[in-house]
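Trainee: Attaching a single structure in structure tokens format; questions to follow.
Just so it is clear, none of the values below were taken in a lab; they were calculated from the coordinates. Because the structure is a prediction, the values reported are computed rather than measured. Please note: Cβ atoms are built from the backbone with ideal geometry, for glycine as well, and neighbour counts cover all protein chains shown.
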Ligand code: GLA
């Protein structure tokens with residue numbers, strides 16, 4: 001794994017893309033987490049229903065959806081317009097059953113507790129498409145690398161519920177590499193036969209019961225993800241799916257997985273030195289067809305670092321999201337650059353097809369260069385808010401990858417602002433556009449389905465800066481409501497422009513509506 005990572009890093013370095021660091025992962029000084037107030041206000045005790053407004057699912061397949069809802073429990077749920085094939089558990093807000101026939105189903109979700117009530121619409125779209133809004137969840141990689149176990153996955157699912165992350169929409173609990181056997185590994189419990197005599201893949205001893213694991217995750221109303229490679233080996237040197245693609249995909253479905261990350265890795269050896277566009281697509285075309293033929297909804301996540309301009313064809317191979325570059329763990333000092341680069345290919349984003357600039361790595365994360373034990377990120381808090389704002393404006397998958405057992409106040413405050421997440425989950429599926437940029441500051445705008453605009457005012461500089469945006473730049477006129485969405489505060493009706501001080505390496509995020 002290290003070899004591949006170093007290789008990706010070298011390519012980036014050779015391309016001259018590594019600028020001077022604004023903080024260091026190698027020698028974390030005392031983290032500057034107290035350099036700004038916590039922005040997201042505490043949730044109210046009365047219910048607030050969150051989650052997407054549209055949800056794609058395939059007819060006849062198993063259905064599972066946990067209504068994300070903040071507020072003091074117990075909460076009593078009701079859903080108007082629920083098709084007969086689906087059943088709501090009124091206490092947990094978990095909907096199960098079989099996806100009904102092709103069509104659109106307009107649901108009204110209601111939630112009630114002793115403090116109040118809330119109502120929210122949800123359109124189920126039973127058809128071909130999944131991930132009509134960017135997937136949200138957690139992936140083990142940047143916390144646990146090759147130390148991941150079944151127990152850690154279960155704990156992550158527990159924490160996703162307990163911490164309130166699931167109440168704002170986080171849903172997938174995803175295993176990355178290293179769940180299979182390898183021929184050689186420093187951990188003897190991860191060494192063993194790769195497959196049985198029928199060719200079935202064998203999980204390593206840290207994963208004694210895959211079906212038990214997904215059942216555990218599903219019982220909480222959450223979904224489970226898994227990882228493999230089209231090559232003979234994964235990036236970590238574990239068994240890949242090569243020549244067993246269909247068998248493995250069926251196995252993943254039988255185990256109950258809902259998400260597959262498919263990592264190029266050793267497939268490079270098969271593809272040869274000069275890879276054509278067709279060559280880049282080949283393994284993904286194959287797996288895309290297989291997954292689509294299964295009787296289970298499995299979100300297909302390509303991980304091939306953007307080769308062959310994957311954003312131009314990812315949707316055609318039935319993928320739902322695709323990594324646009326190398327491992328972000330090696331570039332955490334460059335999140336602004338990575339986001340700006342992703343904004344340039346924003347036109348390829350649409351419901352069910354998402355550019356993926358890689359995971360949200362804040363809180364306790366392990367240094368990617370040494371696959372380290374999690375430490376508190378040295379990234380300034382202001383930059384962490386900017387990171388989450390950028391991913392929301394870009395409509396990027398919101399997959400947190402840090403240690404769930406060590407979620408601190410700041411990390412949760414950044415991950416769990418429902419108004420910021422709502423920008424990410426907007427049903428229009430637009431990627432933010434950069435409408436203004438100078439050396440240090442830039443403004444990104446995302447058009448939302450209800451006609452309003454989310455605007456991020458960013459400052460990459462080392463000291464606070466004034467950043468402004470005029471209505472003329474946004475193509476709007478007249479008095480508009482301006483709301484600071486991190487602080488969830490209305491700033492009043494404003495006629496022509498918004499000017500604000502943006503913290504060093506930070507963001508101010510507003511929503512402008514009629
Ligand atoms: C590659 C991927 C990472 C992770 C590792 C696992 O480097 O880009 O996201 O999945 O492989 O080995």
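Trainee: Over the Cα atoms of segment 427-514, what Rg and Dmax result, in angstrom?
Mentor: For segment 427-514, the Cα-based Rg and Dmax read 12.4, 36 Å.
Trainee: Further question on the same structure: Return one quarter of the surface area of the convex hull spanned by the alpha-carbon atoms of segment 357-434, equal to its mean projected area, in nm².
Mentor: Here the figure is 5.6 nm², rounded to one decimal.
Trainee: Calculate the FRET efficiency for residue 115 and residue 196 from the Cβ-Cβ distance with a Förster distance of 41 Å, rounded to the nearest 0.05.
Mentor: 0.15
Trainee: Report, in whole Å, the centroid distance computed from the Cα atoms of segment 361-419 and segment 209-231.
Mentor: If you average the Cα positions of each part, the centres end up 23 Å apart.
Trainee: In deg cm²/dmol and to the nearest 500, what is the mean residue ellipticity at 222 nm of the chain if only DSSP H runs of at least 4 residues count, each as -39500 (n - 2.57), divided by the residue total?
Mentor: So the helix-based figure for the chain works out to -6500 deg cm²/dmol.
Trainee: While we're on this one: At a threshold of 8 angstrom on Cα-Cα distance, excluding pairs fewer than six apart, so keeping six or more, what relative contact order does the chain reach in percent?
Mentor: The value is 14 percent.
Trainee: Any chance you could run the full-extension gain for residue 493 through residue 350? It's 0.36 nm times the residue separation minus the Cα-Cα distance, nm to one decimal.
Mentor: 48.4 nm
Trainee: Shifting gears a bit: For a protection proxy built on the mean count of beta-carbon atoms within 10 angstrom, sort 142-155, 94-107, 260-273 highest first, please.
Mentor: Ranked from most to least packed, the peptides come out as 142-155, 260-273, 94-107.
Trainee: How would you order 245-251, 70-76 from highest to lowest mean count of nearby Cβ atoms within 10 Å?
Mentor: 245-251, 70-76
Trainee: Could you tell me what a quarter of the Cα convex hull surface of segment 48-126 works out to, in nm² with one decimal place?
Mentor: That works out to 4.3 nm², a quarter of the Cα hull's surface.
Trainee: Next question, about the same structure. Based only on the alpha carbon positions, what is the Kirkwood hydrodynamic radius of segment 442-492, in angstrom?
Mentor: Result for segment 442-492 stands at 12.5 Å.
Trainee: Please grab the % of Cα pairs in segment 134-424 that end up more than 32 Å from each other.
Mentor: Result: 19 percent of Cα pairs exceed 32 Å.
Trainee: Can you tell me the order of 429-441, 278-290, 350-362, 156-168 when each peptide is scored by its average per-residue count of other Cβ atoms within 10 angstrom, highest first?
Mentor: 350-362, 156-168, 278-290, 429-441
Trainee: Next question, about the same structure. Take the eigenvalues of the Cα gyration tensor for the chain, scale each by 5, and report the square roots as semi-axes in whole Å, largest first.
Mentor: They are 34, 29, 22 Å, listed from largest to smallest.
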